[in-house]
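The values are calculated or read from the model by the stated rules, or taken from the named source; none is laboratory data. Keep in mind it's a predicted model, so treat the numbers as computed, not measured. Ligands, DNA and RNA are stripped out before the accessible areas are found, and what is left, the full protein with its side chains, is counted by its heavy atoms. Shrake-Rupley method; radii C 1.70, N 1.55, O 1.52, S 1.80 Å.
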Amino acid sequence: MLKSVNLPLYNDFLKIFVECEIVNWQAKHFWEKIKFNQNYRTNEDKRLMYVGLKILLKCEYLEVDVNKSSKRAFSYNETPRLNELRDRYKKKKLEPIFSIKRAKFLNEIDDKENNIKFIESLILDDKTLEKYFINYREKLKNDIRNINSNIKLMDEILNK
């Protein structure tokens, strides 16, 4: 959803879209989620809500279910396009976090691989030391596998 469309109550609608599935909602459901108390809704609040809903219909994020709508209240459903919006929002939110985590993980892997090389160099110098370092080396390799598993998970989450 482009902010350039100038959607009234943009942040409120986006929060609803991220947190809720919209099936057979009337305007009152949006009011409940935005937490505008009926007694405190101004005419300007009402205007913004209905202009926002109209824009969301026009941009095809919502659709009106004519079978469940009445003369007094439309029944709104989300469209597949709204799911695309959720996915874009999720990626936008997660990519910077995962990028920082990935950099940390890659540094950890480098450190652990460096430790493994050090252990292997000690063993090369004296084969009898292997029995002392075999558990350390295996633990480091295990740690690397776990870190790579976390990186793979982050990639799956972003590409899902």
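Among the listed pairs 46/71; 54/90; 93/160, give every one whose C-alpha distance is greater than 23 Å. Violating the 23 Å limit, Cα to Cα: 54/90.
State in Å² the accessible area per residue of the chain; use a 1.4 Å probe, count heavy atoms of protein chains only, and round to the nearest integer.
Working: 11520 Å² over 160 residues.
Value returned for the chain: 72 Å² of accessible area per residue.
Could you work out the relative contact order of region 1-122? I mean the mean sequence separation of Cα pairs under 8 Å and 6+ apart, divided by the number of residues, in percent. Over region 1-122, the number comes to 25 percent.
Given a 1.4 angstrom probe, I'd like the percentage of the accessible area of region 41-98 that is carbon and sulfur, rounded to a whole number.
Numbers: 2190 of 4100 Å².
Solvent-exposed carbon and sulfur of region 41-98 make up 53 percent of the total.
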